[in-house]
Amino acid sequence: MNEKQKEIAQKALCEWLTGREEMDGKPPKKVEFAFALKDDEHDNMIFFVFKFKKSAMGKYLIGIAGGFPDEESTDCSEVFSGLDEFPADKDEAVGLAFRMIDFILNFNSREKVQAAFERNLKYISKTEVDAEKIARQFVKTETRFFLTVGTVDVPSGKVVVADPLAYLSGEHVIAPVLEREIPKGSYPAEVAICRNRNVGIRMCTARLKIKETAAVRYELAKSEEETAAAKLRDGVMHGFPVDAGMMCFIDAGAAKNYAEFIGKWHKENPGKNHYDDYFAAFFAESDKALPAYQREGGDFIAWTNPDSGERMVQISSGFGDGFYQSFWGFDESGEVCELIVPMVDPDIFDD
C-alpha cells in the first residue's frame with residue numbers, strides 16, 4: 001500500500017465532503033482509514049476506503065477516494081460518499097465499496113453523480129410536492145416497494161418530526177411541533193423504499209397515515225413559532241435539520257419523555273453514545289427481521305419508551321444529513337389523511 005496515495009486520498013475525501021451541503025460546509029469530525037482496494041474490473045485502479053463521522057453523535061459513514069492507475073500515481077481522480085453507514089461486517093463493507101466504485105465509474109462522470117445529488121437536495125428543499133409523484137413511490141414495482149414500520153402514539157394530537165439522535169435530547173434540542181393538530185390516537189407509519197444499481201436501497205418518503213383515504217394534494221406542514229427550527233425576520237423556518245442521518249414521527253409530549261429517558265440513560269451510562277450503545281441494537285434487530293428492505297445495520301425501527309410506554313418510529317433519512325420538510329396530505333373531501341417527509345426522489349436515480 002502506497003502511504004502517499006492514502007494521504008492524498010484522505011485529503012481529497014475531506015475536501016469533497018466539506019463542499020457538500022449535507023456537511024454544512026464543515027469537514028468530518030473524525031476520519032479513519034479502513035482498507036484499500038484494487039478494482040480489476042476497471043484497469044486495476046487503486047481506491048482507499050475510509051469511515052468518517054459528520055458529528056460526534058453520528059454513525060460512522062463510508063467514503064472512498066482514489067482511482068489511482070498504478071502504485072506511483074498521485075492523481076486522485078475519483079471521490080465519493082453517499083453518506084451510507086459503514087457496515088460492521090468487513091465483507092459487507094468491501095461489497096459496498098465496490099458498488100460505490102462501480103457507481104461513480106459507470107454513472108458517466110463525477111459531474112453527473114454530483115448533479116444527481118444536487119437535484120435531490122433541491123427536491124427535499126421544495127415547499128411544494130406533487131401528489132402523483134408521491135403516490136408512485138407507494139406502488140410496488142421491481143425497484144420500488146413500501147412497508148409499515150410501526151405505530152406512532154399521538155395522545156396529545158400534536159406531532160413532532162425531528163432527528164431523534166441529534167436533536168430530540170441534550171443541550172441543543174430542535175423538535176418543531178407542527179401547528180396543525182390531528183385527532184388523538186395511534187397511527188401506522190410507513191416508508192416508501194427504492195432499490196436500484198445506482199444508489200442501492202434508500203428510504204424515499206416517510207408517511208404517517210391518519211386516514212385510509214388517498215392524498216390528492218399536499219400542503220407544507222408549518223411549525224409552531226416557539227419550537228421552530230429557527231426564527232427569521234419575516235417569520236420562522238419550517239422543517240427540521242438532520243445531523244445523525246435519522247428522522248422520526250413522535251407525539252409532542254412523548255418527545256419530552258424521550259428526552260428525559262435519554263438524559264437518564266446517559267447518567268446511568270457515562271461516556272457512552274446513545275446510538276452506538278443503545279439504539280444500534282434495535283436497528284440490528286430490524287435488519288435481521290427485514291434484510292431485503294434496508295441496508296446492512298438497519299434503516300428503521302419501531303421503539304417504545306420503556307418508562308412511558310409511548311411508541312414512535314425512527315427512519316433513516318434518505319441520503320443522510322440535511323434540512324427536510326414535512327407536508328400534510330389532504331384527500332378528496334379536503335380532510336387531512338397523512339403526514340409525509342420526502343427524502344429521496346427515486347426518479348432521479350432510476351436506471
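For the chain, take the longest principal axis of its alpha carbons; what is the angle in degrees between that and the long axis of helix 252-268, to the nearest 10 within 0 to 90?
Helix 252-268 sits roughly 50 degrees off the main axis of the chain.
Tell me the accessible surface of T18 in square angstrom (1.4 angstrom probe, heavy atoms of protein chains only), to the nearest ten.
We get 40 Å² for T18.
To the nearest Å, what is the center-to-center distance of segment 156-217 and segment 1-26, using C-alpha atoms only?
Using only Cα atoms to place each centre, the spacing works out to 32 Å.
For a Förster distance of 35 Å, can you work out the FRET efficiency between the beta-carbons of E226 and E15, rounded to the nearest 0.05? List each step's numbers first, then the result.
Numbers: r = 39 Å, r/R0 = 1.12.
Working from the Cβ atoms, E equals 0.35.
Rank-order 237-245, 173-181 by packing density, defined as the average count of other C-beta atoms within 10 Å over each peptide's residues, highest first. Each step should come with its number before you reach the end.
On the way: 237-245: 22.1, 173-181: 18.6.
For the peptides 237-245, 173-181, the packing ranking is 237-245, 173-181.
Would you mind computing, in nm to one decimal, how far apart the modelled labels at K30 and D130 are, each placed 7 Å from Cα along Cα→Cβ?
4.3
Taking the 0 to 90 degree range and rounding to the nearest ten, how far is the long axis of helix 110-125 tilted relative to the main principal axis of the chain, both from C-alpha atoms?
10
With all protein chains present, calculate the accessible area of E132 using a 1.4 Å probe and round the result to the nearest 10 Å².
130
Length gain on complete extension for the stretch L290 to T213, per 0.36 nm per residue less the alpha carbon to alpha carbon distance?
Contour length minus the Cα-Cα distance gives 25.0 nm.
Could you please state how large a percent of the accessible area of the chain is carbon and sulfur, counting protein chains only and using a 1.4 Å probe? Write down the numbers at each step before the final one.
Details: 7610 of 15810 Å².
The value for the chain is 48 percent carbon and sulfur by accessible area.
I'd like to check one number: the per residue accessible area of the chain, probe 1.4 Å, reported in Å² as a whole number. Before the final figure, lay out each step's value.
Details: 15810 Å² over 351 residues.
Accessible area per residue: 45 Å².
Only residues of segment 159-178 count here: report those whose backbone N is under 17 Å from the spot 7 Å along Cα→Cβ of W265, or say none.
Only 162-174 fall inside the zone, counting backbone N under 17 Å.
Could you give the length gained by full extension between D234 and T74, i.e. 0.36 nm per residue of separation minus their alpha carbon distance, to one decimal place? Can you show the working numbers first?
On the way: separation 160, 0.36 × 160 = 57.60 nm, distance 5.04 nm.
Computed gain between D234 and T74 is 52.6 nm.
State to the nearest 20 debye the size of the charge dipole of the chain about its Cα centre, where the only charges are +1 on K and R beta carbons and -1 on D and E beta carbons. Each step should come with its number before you reach the end.
Details: 43 positive and 61 negative charges, 121 e Å.
Dipole about the Cα centre, nearest 20: 580 debye.
Per residue of the chain, what 222 nm ellipticity follows from adding -39500 (n - 2.57) for every DSSP H run with n ≥ 4, rounded to the nearest 500? Walk me through the intermediate numbers first.
Working: 7 runs with 87 residues, N = 351.
Mean residue ellipticity at 222 nm (helix-derived): -8000 deg cm²/dmol.
Would you mind calculating the gained length between T141 and S333 on full extension (0.36 nm times residue separation, minus the Cα-Cα distance), in nm to one decimal?
Details: separation 192, 0.36 × 192 = 69.12 nm, distance 2.89 nm.
Result for the pair: 66.2 nm of gain on full extension.
Return one number: the angle in degrees, 0 to 90 and rounded to the nearest 10, between the long axis of the Cα atoms of helix 280-289 and the longest principal axis of the Cα atoms of the chain.
90
The values are calculated or read from the model by the stated rules, or taken from the named source; none is laboratory data. This is a predicted model, so every value here is computed, not measured. As a convention, Cβ positions derive from the backbone with ideal geometry for all residues, glycine included, and neighbour counts pool all protein chains shown. The area values use the complete protein model at the heavy-atom level, side chains included, leaving out ligands, DNA and RNA. Shrake-Rupley method; radii C 1.70, N 1.55, O 1.52, S 1.80 Å.
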